[in-house]
1. Residue check: is residue 159 without any contact (Cβ under 8 Å) to a residue 12 or more places away in the chain and within 21 Å of residue 90 (Cβ to Cβ)?
2. Could you please find all residues in segment 80-111 being touching a residue at least 40 places away in the same chain (Cβ under 8 Å) and out of contact with any strand residue (DSSP E or B) (no Cβ under 9 Å at 6 or more places or on another chain)?
3. Test residue 152 against the stated conditions and say whether it is crowded, with 18+ Cβ neighbours inside 10 Å, in contact (Cβ under 8 Å) with a residue 60 or more places away in the chain and touching a helix residue (DSSP H, G or I) at 6+ places or on another chain (Cβ under 7 Å).
4. Is it the case, given these coordinates, that residue 100 is part of a helix (DSSP H, G or I) and either at pLDDT 95 or above or not assigned by TED's automatic domain parsing to the domain that holds residue 26 (or both)?
């Protein structure tokens, strides 16, 4: 059985990643560190599936490039990164999102809730529930369908135009499109919490049209990328 990597070793590795001065041994250590989250991740996901009857989806493993960029962008240590491993839960609307977050809060003892609806990150809206399990931080992203499509749109723009779009960079037009879409979603979310029950059906139709519009935009961008 391989010896566990110490916190100081991990943070020194993070320092080397920041500087761009890494070796093959460093890459192997980083891979070991990522894989060390597997057991805690599986335990958290299984508990959500079993106790809450939800179906969280796994996220792609955080790449070396993504980890390095985050270390440089946020000036944090490698052991402080909260999304080395995690999963995602997509729900229909704000009411369902609040219910899931409340359920997660009751399911796990040691959690931190980051509400990006109150403080969006460059337009990004979601609620992140960071679960500490067996000394590992596992991030559970809870998004509405609209928030998920916005995130996909941001990813597409990042892939095609500029990777920094997700962090407030890129050209002004792209930033404006994402900001405007995020503001529209925020307005819809506010209406969800305030609208009278007899207007709920009309609001559901508005949300459906917004979903269709975002899907059309994503499809158009995908066609653009293939040209």
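The values are calculated or read from the model by the stated rules, or taken from the named source; none is laboratory data. In this text the structure is predicted, and so the values were computed from the model without any measurement. Cβ sites come from the backbone with ideal geometry, for glycine too, and all protein chains shown count toward neighbours.
1. No, not satisfied.
2. 95, 103
3. When the stated conditions are applied, residue 152 does not pass them.
4. The answer is yes for residue 100.
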